[in-house]
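See below for the structure under consideration.
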Amino acid sequence: MVNKITLIGRLGADPEIRTLESGVAVGKFGLATSENYKDRSGEWQEQTEWHDVVVWRQAAERAQRSLTKGCMVYVEGKLTHRKWQDKEGNNRKTTEVVANYFRVLNNPNKSDDNRPSSGEPDNYAPADLQTTTTTTPASQPTAASSEPAPTGGGGKNFDDEEDLPF
């Protein structure tokens, strides 16, 4: 089975990064993807979809250093769904992309000489996530699939809104 999503879009705001009680960094940012089409009258229309993207640990720290509002980003990850009850007892649900890799494609807010001085380029991916994008047979797991990405806040269940990272 496969749960993989690939997006290329622009950030609607700077990433929001938090550190959980366990010391694990988690970040969230909104990514806009757009599609253009002609309507029945022949006029061009643009439809924009917004995606909530969550990054964990080193990816969250890197997002804080390299992502800003307006930059174009390539994101790979998996689609997740969470349910919880808010403070009023209403059932809530959300769909998020838990990203295990992202790459800055264009950042209009930074010039090349203003790149982060962390020793790693904006498009850096840890060695265990650097895989080719060619199709791999299911019987041969890639390095990225050998260790599942976390689905919650460091083992934390998000049972109510106060437990959510955002």
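Every number here is computed from the coordinates shown, using simple stated rules; none is lab data. Note that the coordinates shown come from a computational prediction; the quantities given were computed from them, not determined experimentally. Virtual Cβ from ideal backbone geometry, glycine too; neighbours counted across all protein chains shown.
Pop the C-beta distance of Ala13 and Gln45 into the FRET formula with R0 = 25 Å and round what comes out to the nearest 0.05. Result of the calculation: an efficiency of 0.50.
Within the same chain, lysines fewer than 8 places from Lys69 are excluded, and of the rest, those with a Cα less than 24 Å from its Cα are Lys28, Lys78, Lys110.
Amide H to amide H distances under 5 Å link Asn100 with Glu76, Gly77, Lys78, where only residues 5 or more positions off or on other chains count and H is placed in the peptide plane. Straight Cα distances below 25 angstrom link Lys38 to none of the lysines, with same-chain residues fewer than 8 positions distant left out.
Pairwise alpha-carbon distances in the stretch 1-75 exceed 16 Å for 57% of all pairs.
Full extension of the chain between Leu20 and Lys4 gives 3.2 nm of extra length, using 0.36 nm per residue less the Cα-Cα distance.
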